[in-house]
Amino acid sequence: MNKKFWLGIITALVLYGVVQVLLTTGVLDDVQRSMLLLICVNVMLAVSLNLINGITGQFSIGHAGFMSVGAYTSAILTLDHNAPFILAIIAGGVVAAICGVLIGMPTLRLNGDYLAIATLGFGEIIRIIMLNTEYVGGASGLSGIPAKSTWTIMFFFMLITIVLINNFIRSTHGRACLAIRENEIAAEAMGINTTLYKVIAFTLGALFAGMAGGLSAHTFYVITPGSFNFLKSFEILVMVVLGGLGSTAGSIVGAVFVTLLYTYLRDFPEWRMIIYSIVLILMMIFRPGGLLGSTKFSLKKFGKKEAKANGGIGDSSAS
């Protein structure tokens, strides 16, 4: 592992420690704690969707469907079968990943708008199934879910999600996904199995979305089919586009921004989607690449700037 990786991990751990102290001492109240937990969930959702939409270049708007699969699976395991919490979260992610494979294999041969419609249909099918299944509560949903999600658990699940997806992007498999995004025909001509890599990206995205759904279910006590409708998928897509397609750091920034916006607009729900739309329109006009574009946090850039500055000082003094 390089120095840049460990510096990022240490920074994240310091941030975790500071927030933990603030929570323990009561400086942050329950509302702010809930907001922090929601930020962790949304970061997981945005980073995992960015792998599909931003890195592989597909257009999926059914992410809320995978989230709902993970949420209901983990909630049933803890409520009805007294399964260990961490095991239930992982199981929810695995079931969502299996759904990702089953949905991805036939639909990822499609592109663009056709793929978007197929993934939207999947999300709605899952919602309707949950709506009409009495075992999972039907329209009233599941309630009484134990609140087992803590700041520590949420933070480390979020950190693991970011690290694993970022490492995947930097691997040879991630390079194959980037090649598919840039030019799928050229990638296939170079011997890349485009369908396989699209399914892999889709499955990984579904895995982490399912785990995010499980963590969310054990944070807010109750889940209903209406919590995972098209608007939820659109909200996750806004986070990714707002931060910058293809940028993991951008997805994190977008998730934090949208969560804060959502929290402070919770008393005006009828205005939330309008404001989302206005923000997106303004972004497309003034910064179509997103807040960070395809920028990635890197120490090399600062090193180059510092070296250049030192070189300039040396040159000027020499002259």
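The values are calculated or read from the model by the stated rules, or taken from the named source; none is laboratory data. All values reported here derive from a predicted model rather than from experimental measurement. So basically every Cβ, Gly included, is an ideal-geometry build from the backbone, and we count neighbours across all protein chains shown. Surface areas here come from the heavy atoms of the whole protein model, side chains and all, with no ligands, DNA or RNA. Shrake-Rupley method; radii C 1.70, N 1.55, O 1.52, S 1.80 Å.
Sequentially through the range 280-286, phi angles give Karplus couplings (6.51, -1.76, 1.60; θ = phi - 60°) of 5, 4, 5, 5, 5, 7, 9 Hz, Gly and Pro residues having no value and appearing as x. Here the gap between N111 and L231, fully extended at 0.36 nm per residue and compared with their Cα-Cα distance, gives a gain of 41.0 nm. Element breakdown for the chain at a 1.4 angstrom probe: carbon and sulfur atoms account for 69% of the accessible area. Note on N183 and F156: with the Förster distance fixed at 45 Å, the Cβ-Cβ geometry gives a FRET efficiency of about 0.75. To the nearest Å, what is the center-to-center distance of the range 132-209 and the range 218-275, using C-alpha atoms only? Answer, in whole Å: 17. For the chain, the alpha carbon positions stretch 82, 58, 40 Å along the principal axes, listed from largest to smallest. Across the range 1-140, C-alpha contacts under 8 Å between residues 6 or more apart give a mean separation that, scaled by the residue count, equals a relative contact order of 22 percent.
In terms of packing, defined here as the mean over residues of other Cβ atoms within 10 angstrom, the peptides 271-277, 199-205 line up highest first as 199-205, 271-277. Using the Kirkwood radius over Cα pairs, work out the Stokes-Einstein diffusion coefficient for the range 1-122 at 10 °C and 1.306 mPa s, in µm²/s as a whole number. After rounding, the answer is 93 µm²/s.
Rounded, prolate or oblate: pick one for the range 8-78, where a ≥ b ≥ c are the square roots of the eigenvalues of its C-alpha gyration tensor, a/c under 1.5 means rounded, and failing that, prolate if a/b is larger than b/c, else oblate. Intermediate results must be reported in sequence, preceding the final value.
On the way: a/c = 2.77, a/b = 1.54, b/c = 1.81.
The shape class here is oblate.
Relative protection proxy for 261-269, 175-183, 134-142, from highest mean packing down: 175-183, 134-142, 261-269 (other beta-carbon atoms within 10 angstrom). Rg and Dmax of the range 181-290, both derived from C-alpha coordinates alone, stand at 16.9, 53 Å. Within straight-line reach of K4, meaning a Cα separation under 13 Å, there are no aspartates and glutamates at least 8 residues removed in sequence or on another chain.
Here the peptides 69-75, 59-65 are ranked by packing, the mean other Cβ count within 10 Å, and the order with the highest first is 69-75, 59-65.
For the range 69-183, what is the per residue volume of the convex hull drawn over the alpha-carbon atoms, in cubic angstrom?
For the range 69-183, the hull spanned by Cα atoms encloses 132 Å³ per residue.
Once label points are set 7 Å from the Cα along Cα→Cβ at both T195 and L7, what is their separation, rounded to one decimal in nm? Here the modelled spin labels are 4.4 nm apart. Residues of the range 208-231 with an amide N closer than 16 Å to a point placed 7 Å from the Cα of L131 along the Cα-to-Cβ direction: 224-231.
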